[in-house]
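Encoded as structure tokens, the structure appears first; notes follow it.
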Amino acid sequence: MNTAAARVPTPELIRVHVWEWPVRLAHWLVVLSLGVLAFTGIYMGHPFLVSPGPSEQRFVMGTVKVVHFYAAIVFTLSVLARLLWMFLGNEYASWKEFIPLRRQRRRGLRSTLRFYLFLRRDPPTFIGHNPLAGATYTLVFLLYLVMITTGFALYSVSAPLGSHMRVFHVLLPFFGGAQGARWIHHVGMWLLIGFAVHHVYSAVMMALVERKGTLESIFSGYKFFTRDDLGGARSPHGRKGDGA
């Protein structure tokens, strides 16, 4: 038996509540609704389900459009709730986690990017979002808003007379008409699918490298740190940093 190895103390792990339940709920509602929206959106652009018999008895496309619309409502409400929680939630949910206004957060962009470019062995420690992820999510939320506005603008074209959704018709000129809005909506969908692939990859990679419960935290809300981690971690308000 290696007695020297047996004497190595196991560092004490401290549980930190990072993601509040509104953040976790909004995250999973966005994930699920985006999955439904992507599937139904691809079908509406390229129908691949063939139903035998008269179309008026099957109404496959109409059903898919209804599912797409209700998924869009869930997606919209989830995104708006998450944006609201940037001002009502804890420090890790704050909008300051997304926009690197402070010098410490801007320095963190460089050190985190060096890790992703394999120029640094270990990632800098952040309790919430690292600055690079936060800045990326800012762009993603802007893309969410583009998808929401183009989607409702497109729905206004076929909305029944008297529907409140027809008010979104005023947005169409900003996107170059219905065809332009449809193209932007289509491209935005593929950008979000690409982001989803990268997001899963980076989350798994960081979970394996950091071993702080990163993946589990989106279910439980808790991450785990040693006292040294907490002493060197960069807080959302930039009180301490580990250098670049």
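Values in this text are rule-based calculations from the coordinates and carry no lab data. Just so it is clear, the structure is predicted and the values come from calculations on it, not from any experiment. In this analysis, Cβ positions are derived from the backbone assuming ideal geometry, glycine residues included, and neighbour counts consider all displayed protein chains.
Assigned to a helix (DSSP H, G or I), farther than 30 Å from A181 by Cβ and in contact (Cβ under 8 Å) with a residue 12 or more places away in the chain: does that describe T112? When the stated conditions are applied, T112 passes them. Go through (1) within 29 Å of I42 (Cβ to Cβ); (2) part of a loop (DSSP other than H, G, I, E, B) one by one and return the number of the condition G180 breaks. G180 satisfies every listed condition except (2). Of all residues in the range 86-106, those that are under 12 Å from V23 (Cβ atoms) have Cβ atoms under 7 Å from Cβ atoms of residues that are assigned to a helix (DSSP H, G or I), 6 or more apart or on another chain, in M86/W95; G89/P22; G89/V23; A93/V23; A93/W85; A93/M86; S94/M86; E97/G134.
For the range 138-161, the condition holds for no residue, the condition being that it is more than 26 Å from I193 (Cβ to Cβ) and assigned to a helix (DSSP H, G or I).
The residues of the range 206-220 that are free of Cβ contacts under 8 Å to residues at least 12 places away in the same chain and surrounded by 13 or more Cβ atoms within 10 Å (Cβ to Cβ), listed by number, are A207, G213, T214, E216, S220. From the list R120, R105, the one residue that fits, being under 30 Å from T214 (Cα atoms) and touching a Lys or Arg at 6+ places or on another chain (Cβ under 7 Å), is R120.
Checking each residue in the range 115-132 for being surrounded by 14 or more Cβ atoms within 10 Å (Cβ to Cβ), part of a loop (DSSP other than H, G, I, E, B) and touching a residue at least 12 places away in the same chain (Cβ under 8 Å) picks out P123, P124, T125, I127, G128, H129, N130.
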